[in-house]
Amino acid sequence: MKTGIFVGTFDPFTIGHDSIVRRALPLFDQLVIGVGYNEHKQTMASIEERVEAIKSLYACEPKISVEAYSDLTVDFASRVHAQYIIKGVRSVKDFEYEREQADVNRQLTGIETLLLFAEPHLASISSSVVRELKHFGKDVTSFLPKK
C-alpha cells in the first residue's frame, strides 16, 4: 500500500491546503493528514478543533485519515507507515525551506518528499494571512474550504 502524509499546523486549513490534498490523493492508496502540535506555536484553534474540522471536510473520502502529532514528521511518517511526505510550495522561499527539510528527512530515514506547487491563484493564501484577516474582523470564508 502506498501511503503519503501531508503535514502542517493547519491553523486554519485553507483552500490552498485543500488543493494540495485533492491533487495528491490520486497518487496514493492512503493519505494521512498530520495536524502538527508545537507547544512553542500559539494557535487560534486547539489541536482537537483543527483535527475535527479537517476530518469533517473529508468525511466522505475513505482514502483520507486525519491524526494529530507532536513529534518529528519522520517519526510520524514511520508510525503511519508512510513512504512519502507531501508538501505544498507557494514561493521560492517555501521551496528552499522544503528542500532543506526534505534533504534532512531523507538522510534520517530515507523517506522521500514530493513537492506540489500551489496553483497560481492560491499562491498568496497562507494560514497566517487568514489568521491576520480574521483577527481584524474580516470575512475569511473565501479562503476556507467549503464543507
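Say we look at the stretch 26-47 and pick out the residues that are farther than 21 Å from F143 by Cα and touching a strand residue (DSSP E or B) at 6+ places or on another chain (Cβ under 9 Å); which of these is modelled with the lowest pLDDT?
Our first condition is that a residue be farther than 21 Å from F143 by Cα; within the stretch 26-47, this holds for 26-32, 37-41.
Checking the rest, the ones that are also touching a strand residue (DSSP E or B) at 6+ places or on another chain (Cβ under 9 Å) come to 27-32, 37.
Working: L27: 97, F28: 98, D29: 98, Q30: 98, L31: 98, V32: 98, Y37: 92.
Step by step, filter the stretch 26-47, then rank; the result is Y37.
Restricting to the stretch 18-34, what's the tally of residues that are in contact with a helix residue (DSSP H, G or I) (Cβ under 8 Å, 6 or more places away or on another chain) and closer than 14 Å to K55 by Cα?
4
Among the residues that make up the stretch 112-127, is at least one of them open to solvent by 50 Å² or more (accessible area, probe 1.4 Å), part of a helix (DSSP H, G or I) and charged (D, E, K, R)?
So far as the stretch 112-127 goes, no, none of its residues is open to solvent by 50 Å² or more (accessible area, probe 1.4 Å), part of a helix (DSSP H, G or I) and charged (D, E, K, R).
So which of A59, A68, A82 is assigned to a loop (DSSP other than H, G, I, E, B), farther than 18 Å from A123 by Cβ, among the aliphatic types (A, V, I, L, M) and free of Cβ contacts under 8 Å to residues at least 40 places away in the same chain?
A59
Of all residues in the stretch 86-100 being open to solvent by less than 70 Å² (accessible area, probe 1.4 Å) and in a helix (DSSP H, G or I), which is modelled with the highest pLDDT?
The extreme case among them is E98.
Taking the condition crowded, with 17+ Cβ neighbours inside 10 Å and among the polar types (S, T, N, Q), does N105 pass?
Details: crowded, with 17+ Cβ neighbours inside 10 Å: yes; among the polar types (S, T, N, Q): yes.
In short, yes.
Looking at the stretch 23-37, can you tell me whether even one residue there is assigned to a helix (DSSP H, G or I), over 23 Å from N105 (Cβ atoms) and of a type in the set (K, R)?
Looking through the stretch 23-37, none of the residues is assigned to a helix (DSSP H, G or I), over 23 Å from N105 (Cβ atoms) and of a type in the set (K, R).
Among the numbered criteria (1) open to solvent by 70 Å² or more (accessible area, probe 1.4 Å); (2) in a loop (DSSP other than H, G, I, E, B), which single criterion is violated by A45?
(1)
All but one of (1) in a loop (DSSP other than H, G, I, E, B); (2) at pLDDT below 95 hold for G137, so report the exception by its number.
(2) is the only condition that G137 fails.
The values are calculated or read from the model by the stated rules, or taken from the named source; none is laboratory data. Treat the numbers as computed from the prediction; the structure is a model and nothing was measured. Cβ sites come from the backbone with ideal geometry, for glycine too, and all protein chains shown count toward neighbours. For accessibility, only protein heavy atoms count, side chains too; no ligands or nucleic acids. Shrake-Rupley method; radii C 1.70, N 1.55, O 1.52, S 1.80 Å.
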